[in-house]
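Notes to accompany the following structure.
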Amino acid sequence: RKREVSAPEFDTLPLWDHGWFFLGKSFPIVILLDFHLDRENNIATSRVTFSDRYQGWDGVVHGGLLASVLDDVMAYAIMTTDKLAITTRMSTTYRLPVKVGETLYLEGTVEKLGSRLATTRAVGYVLDGEGERQNRVVKVEAEGTYYLDSPQGGNEDERCRAGKEGTDSSSD
């Protein structure tokens with residue numbers, strides 16, 4: 001026999017100091033990343049080590065933050081082409097938990113560069129092993145589609161249309 005369950009009003013939900021990253025009382029500060037840009041190959045790289053202040057579940061980095069840093073590294077990869085980029089679509093796949101205190105290496109690449117849209121890929125990985133025996137262990141990856149803009153700016157209406165049209169980059 002089914003029973004109906006009603007959700008509590010949002011303003012009655014407890015806001016814990018940890019566990020709910022975006023709703024918690026101790027909302028963390030911004031993450032500052034340094035990027036290395038390889039203009040010849042249209043690749044951006046960075047690395048980040050998240051403290052426990054960025055955890056969702058105990059000892060695990062919040063997935064929204066991982067998606068955010070992958071979005072940034074893909075946008076920076078596009079900057080290697082002297083274009084600015086606005087995210088129109090992004091898909092993130094979480095392969096393994098990223099643990100608090102692990103150094104996550106980020107790599108974003110431009111897969112296709114059209115006149116209006118770019119498609120990108122990014123990976124977040126850790127290094128496993130010692131010396132020459134180090135292996136990349138991919139923990140999170142993403143694909144993105146970005147509307148391209150020049151550094152001088154562009155037409156806001158055109159940017160909005162590109163975001164609504166979806167990600168069919170074959171028409172650009």
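Every read-out reported here was derived from the displayed coordinates using simple, explicitly stated rules and does not represent laboratory data. Model, not experiment: these values are computed from the prediction. Heads up, the Cβs are rebuilt from the backbone with ideal geometry, glycines too, and the neighbour counts pull from every protein chain shown.
Summary of packing: across the peptides 71-77, 53-59, the per-residue average of other C-beta atoms within 10 Å ranks them, highest first, as 71-77, 53-59.
Within the shell defined by Cβ-Cβ distances under 14 Å, the residues around Glu102 carry a net charge of +3, with Lys and Arg each +1 and Asp and Glu each -1. Here the Karplus relation 6.51 cos²θ - 1.76 cosθ + 1.60, evaluated at θ = phi - 60°, turns the backbone of the stretch 86-95 into coupling constants of 10, 5, 10, 7, 8, 10, 10, 10, 9, 8 Hz, with x for every Gly and Pro. Tell me the net charge near Leu33. Cut-off is 11 Å between Cβ atoms, Leu33 excluded, with +1 for each Lys or Arg and -1 for each Asp or Glu. Surrounding charge for Leu33 is -1.
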